[in-house]
Amino acid sequence: MPRAADSRFLWVEEGEPQTGLVATVAVDGPFDRTYSFAVPDEWRARIAPGQRVSVPLGKRNRLTTGFCIETAEGVWSSTLKPIHAALDSETFLGPRMLELGAWIAQHYCCPLGRTLTAMVPEAVRRQSGFLRVRYAQLRMPLEQITESAPRLGGKQRALLQALGARASPAPVGELLTESGASAATLAGLAKRGWVKVATRREPPASPTINVPLSEPDFVLTDEQAAAIKRVSAMLDAQRFRVGLLFGVSGSGKTEVYVRAIRRALEHGGQSILLVPEIALTTQLVMRLAARFGSVAVIHSGLTGVQRSLTWADIAAGRRAVIIGTRSAVFAPCPQLKLIVVDEEQEASYKNLAAPRFNVRDVAIKRAQVEGIPILLGSATPSLETWFNCQRAEHFERLELPRRVRNLPMPRVHIVDVRDFPQTPAGPPVLSPLLEKRLAETLARGEQAMLLMNRRGYARVIWCPRCKRPVRCPNCQVSMVYHAPRARALCHYCHHSFDAPKLCPDPSCQTPLVTLGAGTQRVEELLQRRFPRARLVRVDSDTMTRAAHYQQVVDDFEARRIDLMVGTQMIAKGLDFPFVSLVGVLSAENVGSVDFRAQERLFQLITQVAGRAGRNELPGEVVVQTALPEALALLAAVRHDYPAFVEGELAIRRLVRYPPYARLTRLILSDPRPAQLESEAQTLAANIRETIQAIGEPHVDLLGPHPCVLERLRKQYRYELLIRADSAVNMQRVLDRLRGEKRLRAKVKSLVVDVDPVDLS
Ligand code: ADP
Ligand code: ZN
């Protein structure tokens, strides 16, 4: 009988071939392959796919953790090492989650072990917050005990009888109360060998949100009813299908989600509702809790214990409705029937560490693996999703083209800031029109929201003589001036120092000026101009905790605040009925710098404009810009997504960018610029060779060239873009490159970003 007394050896009798259980393990590390291990008999009962194991690796047999992904009977060759241990009392990843993990690992070029590890939060693996619960059980039938020991004490007898009456092990606490016996009595019985006592780790009951249940009294719009009917049909069919719920702001998308979740509940199923940011969970959680009683919430602000207990509740089927940000896509639902992705176009759905997946796409894949429908909601769908609805078999569009209660869309004015006298610090922060409208709105006792998508006081600290900004020594970008303590702060690496007053160039020493407004300056200006208005600034400097943000949302909802100024944090999803004015202070700062700039501009303007006029009060929007002729802006003003998307798709097609192509971005970074450039060239040559060897005419390579952010955190940066006409062809090239170990370079870091969202 082979034994694993020492993890370095598998004791196999010489001469006779031994067979036994062999486990395939995906080790948590930078390995693009899996490894096989023998499973000694002592672990046989515990090892199953999804179980975490500890295995000896390499010549030194360093113990490393990994996930068992497959088991099979096989030959125990002499070179096969045995696993060292099974780590968990249960498996955290079922077969479908393993399948999902395998897809993520392949699609996003991330080692499988790493991917699986990322799918199960650490606190969940450690079962943080679980209690040790002791259980007792009889070791033999009750009669046998009473026969062999006829003179038992009353308490002993009561305890044994209580145990004998149960079919399963009894929690000790419960047992003692029930029988009136003491812990010492139990210990005595255990000592005599009649009772077995064991400890198990269990989650305590987790707290639930206490909101009184309430149903709204409105009647569904015809479009809502039609969309709900269609989604219900998808749920009844219990098959994979993607519905894009394309509904303008205020069209009542949330109600469609609620009814869909309810339908899933009728089928005895769980639903996951994904939202892009924690900020957005608060309002939605309250709304859904009022409809469903209890919801589970998963986001990055949870403590380890909260996370682990929530996970356990979901896994046990005690929570039917799950709301959360990125990691909620891996919620361990045994009965998943529906996934909803709200604001599916959001860039924050992209995971910023390996595996660099897009949650929306992982959610679609999960729905496919589970064989269930998924609903993607948006007023401004991503071009990828729109395109899929036109081309892909599983996608369909459900439309809510009008606001509920026939509310009109808000009126949007564009104000060209170049028409106004320039101040020394740039264009005026508030145009006369916006200032007038603000005064009127406040005078009527209504609320206003102002978007300024830059935090800090001033964007640049400028030397008027050298015509140069103060730059970050690590990143080469302009330092941002933060007012309260007069600090210069880099928004990329968080490096900061006291803002200089004079030009740092010793031969210049000219007094510096600050240019370009940020949220702090807007706040200061508004305070001066409207001293009686109750004002709040919402950006990542003021909203450091989720609870904070919750408070602001509550206050604004209760009209204890009149005016909210903030970054894009305030643009999304919030539903405040008394906002009648929305201002966009500098529309050119809302986009990104890459090929999605126009798309981002359209999305943000539409989103923030959508905050206005959501109740009886008519809404008005003032957009200030120095680039009034941008097509995205003109389309957003007319609330004309189809016109925007048509024009934008034509451009993307012309330049062969997504959705007409798939991209993989390789970012090389290193402190040595020459080494970096030559390594980037070598990598490019290798990739071109592989593309040619495969003979794939629909894949090409762009670059290498320096990134838009040429220097970041003291590292120089270069990028390469692999472009393919389809995901399948991209996969072929990436698989081959990985197989040939060609995705490597002698630089400090090489990041492989499949389907990149940010190209800065
Ligand atoms: P959005 O499409 O922007 O996500 P919401 O789902 O937030 O819109 O709905 C906007 C508001 O309209 C909410 O306060 C919601 O309660 C309300 N609402 C939803 N459906 C209806 C309806 N059929 N009639 C009246 N009000 C509705
Ligand atoms: Zn920096």
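Every read-out reported here was derived from the displayed coordinates using simple, explicitly stated rules and does not represent laboratory data. This one's a predicted model, so the numbers in the text were calculated from it and none came from an experiment. Cβ atoms come from the backbone with ideal geometry, glycine included; neighbour counts cover every protein chain shown.
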With the contact rule set at Cα under 8 Å and sequence spacing of 6 or more, what percent relative contact order holds for the chain?
-> 10
Beyond 43 Å, what percent of the Cα pairs of the chain remain?
-> 39
Round to the nearest 10 and give me the degree value, 0 to 90, for the angle of helix 673-694's Cα axis relative to the longest principal axis of the chain.
-> 70
Segment 572-669, Rg to Rh (Cα coordinates; Rh as Kirkwood inverse mean 1/r) | 1.06
At what distance in nm do the modelled label points of ARG487 and LEU702 sit from each other, each positioned 7 Å from its Cα along Cα→Cβ?
-> 3.7
Considering segment 691-755, what Rg and Dmax in Å follow from its alpha-carbon atoms?
-> 13.2, 39
Quick one: what do you get for segment 56-185 if you divide its Cα Rg by 2.2 N^0.38 Å?
-> 1.69
Largest-first ellipsoid semi-axes for segment 132-208, taking √(5λ) over the Cα gyration tensor eigenvalues, angstrom = 24, 12, 11
Cα-only Debye scattering, segment 625-760: base-10 log of I(q)/I(0) at q = 0.10 Å⁻¹ = -0.42
Amide H neighbours of SER294 under 5 Å, counting only residues 5+ apart in sequence or on other chains, H built in-plane at 1.01 Å?
-> none
Built amide H within the under 5 Å cut-off of GLY516, gap 5+ | ARG459
So for segment 228-290, Kirkwood radius off the Cα pairs, Stokes-Einstein at 25 °C and 0.890 mPa s: how many µm² s⁻¹?
-> 191
Between THR208 and ARG444, what is the label-to-label distance in nm when each label sits 7 Å out along the Cα-to-Cβ direction?
-> 4.3
Straight-line reach check, LYS191, cutoff 21 Å on alpha carbons, 8 or more apart in-chain or any other chain, hits among lysines -> LYS155
Cβ-based charge dipole, segment 169-309, positive-most Cα from VAL242, VAL256, GLY180 = GLY180
Working from Cα positions, state the angle (0 to 90°, nearest 10) between the long axis of helix 359-370 and the longest principal axis of the chain.
-> 40
Give the cysteines in the chain for which no other Cys Cβ lies under 4.7 Å away, or write none if there are none.
-> CYS68, CYS109, CYS110, CYS333, CYS389, CYS493, CYS707
